[in-house]
Amino acid sequence: MSTRVRIVDYAPRWREDFARLNLEWLERWFTVEPIDREVLGDPERHILSSGGHILFAIDEQDRAVGTVALKQESAGVFELTKMAVAPETRGSGVGRLLMEGAIDVFRRRSGRELFLESSSKLGPALALYESVGFRHYPAPRPGSHYARADIYMVWEPQA
């Protein structure tokens, strides 16, 4: 990685960056859905207040260059969601640092299931997910929160 990046927990100062980073990639690859705007507009309510967690990758200039969230679905069950990396830092390892940070939070929280929904259009992201232990499964329920999601994966930690 060309620049040093640190992973930090959510703070109100990063709120606009959470939306900015996610909207950039959504607009590039998909369309922004109403649920996206709702969650990105109020992450405190939609992610944090229900026991979720948000992380940021911060560069040497104190800029947010990536983010990821763990949304608590039920006791011990978390969805890895809203992962985005700034275009200028993609491919530099920021996504892997965020993924490792999210898995660390999941473990510290004694989570028992970690899942994600993604799109078959996102080859590099799927490769990253697979490399850290996510495995493909049929979706446990019909449909998704997101029209773009056609992939369902569950994290299977290596023993």
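Results for (1) within 22 Å of Ala149 (Cβ to Cβ); (2) in contact with a Leu (Cβ under 9 Å, 6 or more places away or on another chain); (3) not hydroxyl-bearing (Ser, Thr, Tyr), shown as yes or no for each residue.
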| residue | (1), (2), (3) |
| --- | --- |
| Arg13 | no, no, yes |
| Arg28 | yes, no, yes |
| Leu40 | yes, yes, yes |
| His46 | yes, yes, yes |
| Phe56 | no, yes, yes |
| Arg63 | no, no, yes |
| Val68 | yes, yes, yes |
| Glu73 | yes, no, yes |
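Let me confirm something: among Asp104, Asp59, Asp150, which residue is of a type in the set (D, E, K, R) and free of Cβ contacts under 8 Å to residues at least 12 places away in the same chain?
Just a single option satisfies the conditions, and that option is Asp104.
Could you go through region 84-99 and let me know if any residue there is acidic (Asp, Glu) and free of Cβ contacts under 8 Å to residues at least 40 places away in the same chain.
Looking for residues that are acidic (Asp, Glu) and free of Cβ contacts under 8 Å to residues at least 40 places away in the same chain, one finds at least one in region 84-99, hence yes.
Return yes or no: is Gly111 out of contact with any Asp or Glu (no Cβ under 8 Å at 6 or more places or on another chain), at pLDDT below 95, assigned to a loop (DSSP other than H, G, I, E, B) and not hydroxyl-bearing (Ser, Thr, Tyr)? First the steps, then the outcome.
On the way: out of contact with any Asp or Glu (no Cβ under 8 Å at 6 or more places or on another chain): yes; at pLDDT below 95: no; assigned to a loop (DSSP other than H, G, I, E, B): yes; not hydroxyl-bearing (Ser, Thr, Tyr): yes.
Spelling it out, it is not the case that Gly111 is out of contact with any Asp or Glu (no Cβ under 8 Å at 6 or more places or on another chain), at pLDDT below 95, assigned to a loop (DSSP other than H, G, I, E, B) and not hydroxyl-bearing (Ser, Thr, Tyr).
Name every residue in region 88-111 that is buried (at least 19 other Cβ atoms within 10 Å of the Cβ) and either in contact with a helix residue (DSSP H, G or I) (Cβ under 8 Å, 6 or more places away or on another chain) or aromatic (Phe, Trp, Tyr) (or both), in order of residue number.
Gly95, Met99, Phe106
Scan region 60-95 for residues that are over 11 Å from the mean Cα position of the chain (by Cα) and not in a strand (DSSP E or B) and report the count.
15
Condition first: more than 26 Å from Gly123 (Cα to Cα) and loosely packed, with under 14 Cβ neighbours inside 10 Å. Can you find one or more residues in region 22-41 that meet it?
Yes: one or more hits.
The values are calculated or read from the model by the stated rules, or taken from the named source; none is laboratory data. Remember, it's a predicted structure, so these values are computed and weren't measured experimentally. Reconstructed Cβ throughout: ideal geometry from the backbone, glycine too, with neighbour counts over all protein chains shown.
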